[in-house]
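S.K.: Please find one structure pasted underneath; my questions will follow.
The values are calculated or read from the model by the stated rules, or taken from the named source; none is laboratory data. Computed from a prediction, not measured in an experiment: that's the story for all the values here. Note that each Cβ is placed from the backbone with ideal geometry, even for glycine, and that neighbours are counted across all protein chains shown.
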Amino acid sequence: MQLTSNRIEVSDAIECVEHFYRENMTDGLPVVPPTEQRVRQFLEAVALAPDAKVAVVAERAAVITAEKLAINAVMAGCLPEYMPVLVAAAEALADPAFKFNHLASLGSPWPLTIVSGPIVRSLEMNCGRYVFGSGNRATATIGRAVSLLLWNCCEVRPDAIQRGDLGHLGRHSFCIAENPDTKWQGLNEWEGYGRETSTVTVASGYSLCLARSPCSTPTGILAPLIDGISHQEFSPGCIVVTIPPTLEELFLAQGWTKRHIRDHLFEHCWRSVKSLKEAGRWGRLASRFVGGLKDIAAIEPGDAERWVYLFKRNPEIDPFVFHEGAVGRRADILIVATGGDAGATMGFCQPYSQSTSPVTKPIKPPQRH
């Protein structure tokens, strides 16, 4: 197995780490030295030749080979058995529906990687307490590998195409796993695959928001989630919602599936025109520089009774609120059964405000000959 990347001679592991800092090849954290032996182990784990094309990111004219993916996975601290997940993640990131160059936005979006299916159990990924936090090697390093891959192979760096005003809290690692023992339909099934097929979903969005309720009925549980979704970015698209096992049991006991939750959110996520005007979110198509500085629109009689739905289209009102690209993308609620088994906290990630959709790819077993 002949590797083609440049060889770098260093005196020890510390000098290797410093080399990557000097060459701007790390996202700010130290990396694991990608030795030839280690990189080969990662390639053998997926039975891919070093020059095998894993993905082509057309927007960046970048070809991601198996060798480059393996190098970044080693640097991130992954184990070789994580490589099939990373291959699927790279394929999802390069899919045209993801619209890769939106990662350059001033709004600082970042891809959330969601792993669903039996592989969650075999890799011992965390799908319980602190699911978005640190402490689990698989979840943390798979997310980190995505970060380094984008940094080193696709120019997604602050000194290159990344132009986020504030940055993203998940920039180093933004990866979660769904409980493979959920009694609901798994995200892999929601996306059209069998329950025994493990998948990776890449969804672009902003940081995690929380929603909690003291209620125990489905409508009561979802009330603060509806309020949060309706008053955050308020842009149509695919919103990721996490629901812990405690609430899953409450929903199941009252006959609610993921589909019931999705339909309820579709029906009740709305704001009045008055509310949107007060928040400065009315008049999206108006140039901020035409006729001087743009100010909030004047509230008119009846605005408090005119509704703008997040998931239901209204051609007469939508252009005043939503970007055209946002209206044309996939609208859905991706419910992920994950989180701690003691509390009742739901999470949600708003989608990037313009045209991009989540992409799900199956995790394929190595094809050995």
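S.K.: Looking only at the stretch 192-225, count how many residues are within 15 Å of the chain's Cα centre (by Cα) and either within 14 Å of Trp256 (Cβ to Cβ) or buried (at least 20 other Cβ atoms within 10 Å of the Cβ) (or both).
M.R.: Count: 8.
S.K.: Where in the stretch 162-262 are there strands (runs of 3 or more DSSP E), lying wholly inside it, with at least 1 residues that are among the polar types (S, T, N, Q)?
M.R.: Of the strands (runs of 3 or more DSSP E) lying wholly inside the stretch 162-262, those with at least 1 residues that are among the polar types (S, T, N, Q) span 199-205, 238-243.
S.K.: Could you say which residue among Ala66, Ala73 is surrounded by 15 or more Cβ atoms within 10 Å (Cβ to Cβ) and in contact with a strand residue (DSSP E or B) (Cβ under 9 Å, 6 or more places away or on another chain)?
M.R.: The match here is Ala66.
S.K.: Taking only the stretch 182-209 into account, find how many residues are in contact with a helix residue (DSSP H, G or I) (Cβ under 8 Å, 6 or more places away or on another chain) and closer than 27 Å to Pro224 by Cα.
M.R.: Of the residues in that region, 9 qualify.
S.K.: Now for a different question. For residues that are over 14 Å from Gly283 (Cβ atoms) and without any contact (Cβ under 8 Å) to a residue 60 or more places away in the chain, scanning just the stretch 319-340, find the one that is surrounded by the most Cβ atoms within 10 Å (Cβ to Cβ).
M.R.: Gly325
S.K.: Separate question: Return the only residue of Ser5, Ser108 being touching a residue at least 60 places away in the same chain (Cβ under 8 Å), surrounded by 14 or more Cβ atoms within 10 Å (Cβ to Cβ), in a loop (DSSP other than H, G, I, E, B) and out of contact with any Gly (no Cβ under 8 Å at 6 or more places or on another chain).
M.R.: Ser5
S.K.: Evaluate the following for Ser198: is it on the phi < 0 side of the Ramachandran plot and in contact with a Pro (Cβ under 7 Å, 6 or more places away or on another chain)?
M.R.: For Ser198, the condition - on the phi < 0 side of the Ramachandran plot and in contact with a Pro (Cβ under 7 Å, 6 or more places away or on another chain) - is met.
S.K.: I've got another one for you. Given (1) surrounded by fewer than 16 Cβ atoms within 10 Å (Cβ to Cβ); (2) closer than 22 Å to Ala140 by Cα; (3) charged (D, E, K, R), where does Asp51 come up short, assuming only one miss?
M.R.: Asp51 satisfies every listed condition except (2).
S.K.: Among what's in the stretch 144-186 and is within 13 Å of the chain's Cα centre (by Cα) and aliphatic (A, V, I, L, M), pick the residue that is modelled with the lowest pLDDT.
M.R.: Applying the filter and picking the extreme gives Leu169.
S.K.: Look through the stretch 293-318, keep the residues that are out of contact with any strand residue (DSSP E or B) (no Cβ under 9 Å at 6 or more places or on another chain) and of a type in the set (D, E, K, R), and return whichever of them is surrounded by the fewest Cβ atoms within 10 Å (Cβ to Cβ).
M.R.: Among those that are out of contact with any strand residue (DSSP E or B) (no Cβ under 9 Å at 6 or more places or on another chain) and of a type in the set (D, E, K, R), it is Glu316.
S.K.: Any idea which of Ala76, Ala70, Ala138, Ala90 is of a type outside the set (S, T, N, Q), at pLDDT 95 or above and within 14 Å of the chain's Cα centre (by Cα)?
M.R.: Exactly one residue qualifies, and that residue is Ala90.
S.K.: Any residue in the stretch 10-23 that's among the aromatic types (Phe, Trp, Tyr) and surrounded by 11 or more Cβ atoms within 10 Å (Cβ to Cβ): show its pairings with residues that are at pLDDT 95 or above and part of a helix (DSSP H, G or I) at Cβ separation under 8 Å, as long as the two are six or more apart or on different chains.
M.R.: Filtered contacts from the stretch 10-23: Phe20/Met75.
S.K.: What are the pairs, 6+ residues apart or on separate chains, where a residue within the stretch 341-355 that is in contact (Cβ under 8 Å) with a residue 40 or more places away in the chain and closer than 22 Å to Asn179 by Cα has its Cβ under 8 Å from a residue that is aromatic (Phe, Trp, Tyr) and assigned to a loop (DSSP other than H, G, I, E, B)?
M.R.: From residues that are in contact (Cβ under 8 Å) with a residue 40 or more places away in the chain and closer than 22 Å to Asn179 by Cα, the pairs are Gly347/Phe132; Cys349/Tyr206; Gln350/Tyr206.
S.K.: Across the stretch 35-81, what is the total count of residues that are more than 13 Å from Ser5 (Cα to Cα), part of a helix (DSSP H, G or I) and touching a Ser or Thr at 6+ places or on another chain (Cβ under 7 Å)?
M.R.: 1
S.K.: Sticking with this structure for a sec: Sort through Val17, Val32, Val54 and tell me the only one that's under 25 Å from the mean Cα position of the chain (by Cα) and either of a type in the set (S, T, N, Q) or over 14 Å from Met83 (Cβ atoms) (or both).
M.R.: Val32
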